[in-house]
Every structure is written in structure tokens, then in C-alpha cells.
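A.B. asks: Quick one: the structure is below, questions incoming.
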Amino acid sequence: MDLLVKYLGLDLKNPIIIGSSGLTNSVKRIQELEKNGAAAVVLKSLFEEQILMEMGESENQDYHDYPEAHDYARYYTKEKSINDYLNLIKEAKESVNIPVIASINCISSIEWVSFAKNFEQAGADAIELNISLLPSNFELSGSENEKIYFDIIEKVKQNVTIPLVLKMSYYSAGLANLIQKLSWTQQLDAFVLFNRFYNPDIDINKKEITSSSVLSTPNDIFTSLRWIALLSDTIELPLIATTGIHDGEGVIKQILAGALAVQIVSSIYKNGNSYISVILEEIKKWMKQNNYSKLADFRGLLNQKKSDNSSNYERIQFMKYFSEKNIRSDGEME
């Protein structure tokens, strides 16, 4: 079976990319991922908010006797975060033969974008912009929120020549239109759908705000699956699916919907690095059973335009199913 994928001008041996996470925060871990079959890695994100927070903490120190120390502390904090990340890029590129993609988790277009050039010089094969926009600011309209995407992309693109990938949120009243307009800027090379937000929970006994499960489940696949299927035959840029992809079946579903490749994280946390080879074998077995020799043979076969029931991807009401079918206690149709 031919599992090769051409992504960002790079040759991937299969469609499995390890997404930005603690799995990719050290050279040793990246080497293990490559050894077990990963086709590429997205490094653990450099978080804009974290840098700003650390710089803010340095501002709280008492520098009255040495005011120049304040500027030095701010500079050191920022430079250390950047330099640590640059070293990770350099060492990873020297240690593995698979593509290494840098990642920036960002919320604004302030001065940090100038450091994108350093990522390129350090040897990153591409940069993934993980723009985490939660439209919760009452002062910003929808269009003002979405303009942030364009501002960040434009400023970063001014600093780099390597491919630029946007990992974005599905929070948009006109998501299809937004993605189409972003693709028209000719400043992006691919989309990753979608980023996974921290979700709060409430402990009713302690009356505290806590975190919900950090890891995804297979049931989390359906949002990206819907949008990959809706967009893949119209958006000319590659679409990479992520969240809820836990096995070979999940990968196959996303490719049938039109994804070029997938990013996985939670399934590797749960099952270990060796599970990558299990997923790949599941894909090969299914392809053999269905007489497919390469991924392109079935990529997009069930996207919206090619599916016999294309309206299912746009259907958000379940009345038809509740009225005509019985629902089991596990949520499945009988």
C-alpha cells in the first residue's frame, strides 16, 4: 500500500502527523515518534500568553534601586523562551529525518511575530500558527475578531518564506466564507481543522472551577469531519484534520471526507508511541480489503459534492432520526 503524502512541498511517508503537545517537546521524544512511524511532528507550541505572563511577573519585581534591571529582566525572559525553542528546532532537525514544524500559539499580532524568522533560520520546515480565538470579548464584533486572523498571518508572512499553516477555531458565524477568504490571501499553505480549547468544568462539591478532560475521545471527531467534508472540494489548500482521531478508522474517515492528512495526539498519550504502527496497519488492511493502492484513490470520495447524501453534512436537526428510528441507551441507532 502506498501511504505517501505530499504536504507543504514535503514528502511524508504516511498521513500521520503528531500534533503540537508534550509528545513533541524534546528531541528524545521526537526520535521515538519517528522510530514508531510518525511521518512528521509539530513541535510543542511556543505560547505568546506564556511569554507575556512571564514578562509580567518580572515587572512585579522590585527594581527601584536598579531601574535598568527592569528592561533587562523583560528582555531576558523573552529571549530565553525564544532561544529554548530555537534550540529544540535545531536539535530536532539534526536528530531526525522527518519534517519538523514549529508552532506558535497566539492571540494577537504584536511584536512576537518578528521571531518567526528565527524559526526559519533554525531550520523549521514550516510554521503552524495556532490562533486561539474565543469570541468572548463583548467589545469586538465578529468581523473584528476575524480580522485578527488576517493581521497575524500578514505580519508573520512578511518575516518568513517557509510554508505557513493555520490551525484555527471553528468559532465563526460564517466559517466557510472565512476559510475561503483566508485561502485567497495567498499567504497560507494549509489549514488544520480545528484547535482544541481548554474547557472549564465546575466541581460542585469544592465550588471550584476545574479543567475538563484534556484528552479527546473518538466522539470528538465529528466537528472536523463535517467541515473537512464541506470544504475539501472547494478550498484549494490542503486540509489537515485533528481532534478525535484515535485509530485507523478515524484516519480513513477523514481522508474519505477529503483530508490530506491528520494530526493525532490523545491516542498516542493513551496507547503509547507504538500505537502509530497499529493505526498504519489498520489503514493498510482496509485499503487492501477495498482494493485501493494509494490514499488518493479514496481521498474525498465522500466529501459533500461527491457524496450521494451530501445534505447530511449540513443537517443539524435530528427530528428525522428521532421520529423514524429508536435510539439505544449508548446513543446509537437501532
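The values are calculated or read from the model by the stated rules, or taken from the named source; none is laboratory data. Bear in mind that the values here come from a model prediction, so they are computed numbers and not experimental data. Quick reminder, even Gly has a Cβ in these numbers, built from the backbone with ideal geometry, and neighbours come from all protein chains shown. Side chains are part of the model used for accessible areas, which takes the heavy atoms of the whole protein and leaves out ligands, DNA and RNA. Shrake-Rupley method; radii C 1.70, N 1.55, O 1.52, S 1.80 Å.
A.B. asks: Under the condition of being within 12 Å of P15 (Cβ to Cβ) and open to solvent by 60 Å² or more (accessible area, probe 1.4 Å), which residue from segment 285-298 is nearest to the chain's Cα centre (by Cα)?
C.D. replies: In this case the residue turns out to be A296.
A.B. asks: Does any residue of segment 299-317 turn out to be among the charged types (D, E, K, R), under 24 Å from E128 (Cβ atoms), modelled with pLDDT of 95 or more and surrounded by 14 or more Cβ atoms within 10 Å (Cβ to Cβ)?
C.D. replies: Yes: one or more hits.
A.B. asks: Okay, next question. Would you confirm whether any residue within segment 265-277 is within 21 Å of the chain's Cα centre (by Cα), among the basic types (K, R), modelled with pLDDT of 95 or more and open to solvent by 80 Å² or more (accessible area, probe 1.4 Å)?
C.D. replies: yes
A.B. asks: Given (1) at pLDDT 95 or above; (2) touching a strand residue (DSSP E or B) at 6+ places or on another chain (Cβ under 9 Å), identify the lone condition not met by D201.
C.D. replies: Evaluating D201 over (1) at pLDDT 95 or above; (2) touching a strand residue (DSSP E or B) at 6+ places or on another chain (Cβ under 9 Å) leaves (1) as the failure.
A.B. asks: Which of (1) closer than 22 Å to Q180 by Cβ; (2) open to solvent by 60 Å² or more (accessible area, probe 1.4 Å); (3) at pLDDT 85 or above does P135 not meet, given it meets every other one?
C.D. replies: If we test P135 against (1) closer than 22 Å to Q180 by Cβ; (2) open to solvent by 60 Å² or more (accessible area, probe 1.4 Å); (3) at pLDDT 85 or above, just (3) comes out false.
A.B. asks: Can you tell me how many residues in segment 159-169 are farther than 10 Å from L188 by Cβ and touching a residue at least 40 places away in the same chain (Cβ under 8 Å)?
C.D. replies: Matching residues across segment 159-169 total 5.
A.B. asks: Which count do you get for residues in segment 23-71 that are modelled with pLDDT of 80 or more, part of a helix (DSSP H, G or I), open to solvent by 50 Å² or more (accessible area, probe 1.4 Å) and among the charged types (D, E, K, R)?
C.D. replies: Going through segment 23-71 one residue at a time, the tally reaches 4.
A.B. asks: Also, I was wondering about something else. For segment 184-199, what are the residues that are buried (at least 20 other Cβ atoms within 10 Å of the Cβ) and either more than 19 Å from T242 (Cα to Cα) or in contact with an Asp or Glu (Cβ under 7 Å, 6 or more places away or on another chain) (or both)?
C.D. replies: The one that is buried (at least 20 other Cβ atoms within 10 Å of the Cβ) and either more than 19 Å from T242 (Cα to Cα) or in contact with an Asp or Glu (Cβ under 7 Å, 6 or more places away or on another chain) (or both): V192.
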